[in-house]
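Here is the structure we will look at.
The values are calculated or read from the model by the stated rules, or taken from the named source; none is laboratory data. Here the structure is a predicted model, which is why all the values come from computation and not from measurement. Please note: Cβ atoms are built from the backbone with ideal geometry, for glycine as well, and neighbour counts cover all protein chains shown.
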Amino acid sequence: MLTKNQKAEVRIESSTPEGYGICRLEGRAVFVAAALPGERWEILILKVTQTVVWAKGVTLLEASPDRLEQDCPNPCGGCALRFVSYEGELGLKKAHVDDCLRRIGKQENATTVIHQSPISERYRNKAIFAVGEREGKAVFGFYRPRSHEIVPLSDCLLQSRECLAAARAVTDFMNMQGVLPYDERTGKGTVRHIFWRESGKGGRILCIVTARGFGTLTPLLIEYLQKNCPYLTGIILNVNKTKGNTVLAGDFHTLWGDPCVTEQLCGNEFEIAPQAFLQINPPQAEALYWKALEYAAAKQPESPTPKCDLVLDLYCGAGTVSLCLASKFRRVIGAEIVPEAIENAKRNAERNRIENTDFICADAAEIATQLREQGLKPDAVVVDPPRKGLAESVIRDIAGMKPDRVVYISCNPATLARDVALFTEVGYSLGDAEAYDMFPRTCHVETVCLLTHS
C-alpha cells in the first residue's frame, strides 16, 4: 500500500496537459509534477487518497530530450509547460486533444495536425491582474494555484512590457495616494482588478476595476497614467459592486481616450470593447478563423462568390467570426448574450461595409429555439462556446434545424469531445479536426472541428 513520504524509482509513462507526469506504482496511477514521458525519476509520495496519488520528483535520473530549464520565476502556475521544448509541448497538446476525442468522444478520427503559434512569448493581447496587499503595499499579480493568495509580478513572459508597466503604474499610484485594494471579506477598499487589452494596430487600453471609484483623486490618476504610460490610448473605470469573482461587471466610465481597441483579422477591422470576447493571440486566431470558414463553406473556399445561403454564428462576440463568414454566405446571423459585444458587432459590420449580417442579443439556447421555430434551415452553424461547452438542449436545437455542417471551435478538449459524442447521437459525424496552439507555454489548446450531417 502506498503511503505519504514513501520514495520510489519510477519511469514516467504519459502526462497530463497540466504538465504532470503519470507513472504506476502498485497498480495505481501516480501524478508527478513537471515530469515528462520517458523520464526516470526518484519520487516522493506527497498525498494518497482513494482516487489519486500525488508525488514530487526528488532526483531526475534520466531526462527527456524535450526538457528545458524552467525560466519563469513566478509560482502562479500559468506557464505550466515552460519546462518543455516547444516541439514537445505541441506533441503533448495534440496527444491530449486526440485522447479526449477517442476516449470521451468515442471517435476513431482524431486531429490531423496541430498548428504552432507564430510567436510563443509576450503574445497575449489581454491581461487580468488581481490586486491585493502584501507587506502593507498594493501589489498586482495572479493567484497561486488552488488558492486566493496573490503572487506579485515583476515580469510575465506571456504579457507585453507595456502591459506590466501600466499595471505597475496603477499600484504605484495607489501606494502614493493611500488607495487600498478591495478586500472581498470585509467589503472595504477600492481596487479589485486591473484589465488590459492591446491590439496590433497600436491601441492600448487600461481598465481599472473598482468597488467604488477614485472620487476626487480621479484627475490625478489620469494625469499620472498619461505621464508614466504615454502609449495608452484609453483609460476606463469599471465600478463593479458585485460579490464573487466576476471581473468586469457593473458600470463603465471612460476617463480618457478611446474605450475600445481596433484589431484587424481576416481582412476586416474590429472595434473591441473591454467586455467583448477576442482571442488573445490574433495571428493564430486569424489562422483558426480561416479554417473555420473553410469548414463552414465547404464549397470551393477559394472562390470569391458566396455559394451558401445562411450560416448561424452562436457565441459571436464582437462579430470576428461572423464577418469572416460573410464573404462566403449570403446571410449571416450572429448571436451573443453580452449586449456590449452585440453593439460592437453591429458597428464592426458598418465599419467594414458588410451588409449581409444580422446580430441578435440572446442566449444561445434561446436563439437556437427561435430560429428553429421560424423554420430557418442554415447551411452551417458555427459555435465557439466558453470552456463549459454547449448545453445538451442547444445541441438538440441545432440538430433540429438540420444544418449540413456544424463547425465547433473549442478551448476545452474534454467538453468538445463530450459534445461531439452528443452530436453523433443526433445524426452528425466528425469529419475533420485540427488543433491550434493559441496559448503557448500554458496547458491550454484550441481546436476546430467539422461535423457533417450523416
Among the strands (runs of 3 or more DSSP E) confined wholly to the stretch 163-251, which include 2 or more residues that are touching a Pro at 6+ places or on another chain (Cβ under 9 Å), closer than 30 Å to Pro283 by Cβ and in contact (Cβ under 8 Å) with a residue 60 or more places away in the chain? 191-198, 204-210
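Considering only residues of the stretch 12-26 that are in a strand (DSSP E or B) and surrounded by 15 or more Cβ atoms within 10 Å (Cβ to Cβ), which is farthest from the chain's Cα centre (by Cα)? So that I can check it myself, show each step before the final result.
Initial filter on the stretch 12-26 (in a strand (DSSP E or B)): 14-15, 20-25.
Subsequent filtering for residues that are surrounded by 15 or more Cβ atoms within 10 Å (Cβ to Cβ) retains 14-15, 20-23, 25.
Details: Ser14: 25, Ser15: 22, Tyr20: 21, Gly21: 24, Ile22: 26, Cys23: 30, Leu25: 35 Å.
Among them, the one singled out is Leu25.
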Selected residue (criterion: surrounded by the fewest Cβ atoms within 10 Å (Cβ to Cβ)) from residues of the stretch 145-187 that are modelled with pLDDT under 95 and polar (S, T, N, Q): Thr186
Single residue of Lys227, Lys243 found to be among the basic types (Lys, Arg), within 16 Å of Phe173 (Cα to Cα) and out of contact with any strand residue (DSSP E or B) (no Cβ under 8 Å at 6 or more places or on another chain): Lys227
Out of everything in the stretch 307-359 that is β-branched (Val, Ile, Thr) and touching a Leu at 6+ places or on another chain (Cβ under 7 Å), what residue ends up being farthest from Tyr295 (Cα to Cα)? Ile354
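For the structure I just gave you, tell me whether Val151 is within 23 Å of Thr16 (Cβ to Cβ) and in contact with a strand residue (DSSP E or B) (Cβ under 8 Å, 6 or more places away or on another chain). First the steps, then the outcome.
On the way: within 23 Å of Thr16 (Cβ to Cβ): yes; in contact with a strand residue (DSSP E or B) (Cβ under 8 Å, 6 or more places away or on another chain): yes.
Taking the combined requirement at face value, the residue satisfies it.
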Looking only at residues in the stretch 354-384 that are modelled with pLDDT under 80 and within 19 Å of Ser410 (Cβ to Cβ), which one is surrounded by the fewest Cβ atoms within 10 Å (Cβ to Cβ)? Ala365
What pairs come out if I take residues in the stretch 411-427 that are assigned by TED's automatic domain parsing to the domain that holds Leu101 and more than 16 Å from Asn109 (Cα to Cα) and pair them with residues that are at pLDDT below 95 and of a type in the set (Ser, Thr, Tyr) whose C-beta lies under 9 Å away, six or more apart or interchain? Gly427/Ser454
Suppose we filter Arg387, Arg347, Arg405, Arg351 for residues that are touching a residue at least 24 places away in the same chain (Cβ under 8 Å), basic (Lys, Arg), surrounded by 18 or more Cβ atoms within 10 Å (Cβ to Cβ) and outside the structural domain of Ala249 (by TED's automatic domain parsing); which single one remains? Arg405
Residues in the stretch 227-235: is at least one of a type in the set (Val, Ile, Thr) and closer than 28 Å to Asn348 by Cβ? yes
Residues to consider are Cys72, Cys23; find the one that is among the hydrophobic types (A, V, I, L, M, F, W, C) and modelled with pLDDT under 95. Cys72
Quick one: would you say Leu314 is in contact with a Phe, Trp or Tyr (Cβ under 8 Å, 6 or more places away or on another chain) and either touching a residue at least 12 places away in the same chain (Cβ under 8 Å) or acidic (Asp, Glu) (or both)? no
Go through the stretch 425-449 residue by residue and tally those that are in contact with a Gly (Cβ under 8 Å, 6 or more places away or on another chain) and more than 30 Å from Ser85 (Cα to Cα). 1
